[in-house]
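To start, the structure itself, in structure tokens.
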Amino acid sequence: MIPLSSSLTGKVYRFTDAELALKPIGFKLSDNWDYEHGYFDYKIDDHVGYQFIRLPFTMESGSMDAPTDYATIRMEEPFLLSHKYNPGLDDNVKEGNFRAIFDQFSEPVDKDASFPEEHISTGQEVLAEAEQALLTKRGEDD
């Protein structure tokens, strides 16, 4: 994980405004959100594992189970993240057809693998785009 300094850190947005600003530039809400925090992820590469720039946030008001009712989020410090996976299917699948649907793919070999040098500048460029998109959005609301 590589932390990135950003003008977004500490800024508060309505969740829906942030999502609408980030989606057109390639960010998506990460699947591992909960009621108190979440991440907007942008996949940089997937050649050997997955490399992301991640924009974490915490809930300021409202919750992630009903983000359209004016839930607000506070942006946290962005970071670059790399997950390295074993190729192929998981050999540790739990029994049962229903459970196998979710367990068929390999667990990460390294959930915090080293981040490839050649993608750091790409991550910084994507962060600059996200900052521009969100800061412009913030300017519209002021």
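The values are calculated or read from the model by the stated rules, or taken from the named source; none is laboratory data. Owing to the predicted nature of the structure, the values given are computational and were not obtained by experimental measurement. Here the Cβ positions follow ideal geometry from the backbone for every residue, glycine too, while neighbour counts run over all protein chains shown. All accessible areas refer to the heavy atoms of the entire protein, side chains included, with ligands and DNA or RNA removed. Shrake-Rupley method; radii C 1.70, N 1.55, O 1.52, S 1.80 Å.
Identify, by number, the condition in (1) over 14 Å from Ala130 (Cα atoms); (2) touching a residue at least 60 places away in the same chain (Cβ under 8 Å); (3) assigned to a strand (DSSP E or B); (4) open to solvent by less than 40 Å² (accessible area, probe 1.4 Å) that Arg74 doesn't meet.
(4)
What number of residues within the stretch 39-70 are more than 15 Å from Leu80 (Cα to Cα) and in a strand (DSSP E or B)?
Number of matching residues: 4.
Does the stretch 100-136 hold any residues that are at pLDDT below 75, open to solvent by less than 50 Å² (accessible area, probe 1.4 Å) and closer than 21 Å to Phe40 by Cα, and which are they?
Pro108, Ala113, Phe115, Pro116
Would you pick out the residues in the stretch 30-70 that are closer than 23 Å to Thr9 by Cβ and β-branched (Val, Ile, Thr)?
Hits for the stretch 30-70 are Ile44, Ile53, Thr58.
Being open to solvent by less than 60 Å² (accessible area, probe 1.4 Å), in a loop (DSSP other than H, G, I, E, B), out of contact with any helix residue (DSSP H, G or I) (no Cβ under 6 Å at 6 or more places or on another chain) and among the hydrophobic types (A, V, I, L, M, F, W, C) is the filter here, so list the residues in the stretch 6-38 that pass it.
Residue satisfying the conditions is Phe27 alone.
Looking at (1) of a type in the set (Val, Ile, Thr); (2) open to solvent by 30 Å² or more (accessible area, probe 1.4 Å); (3) modelled with pLDDT of 90 or more, find the lone condition where Val48 falls short.
So Val48 meets the others, but not (3).
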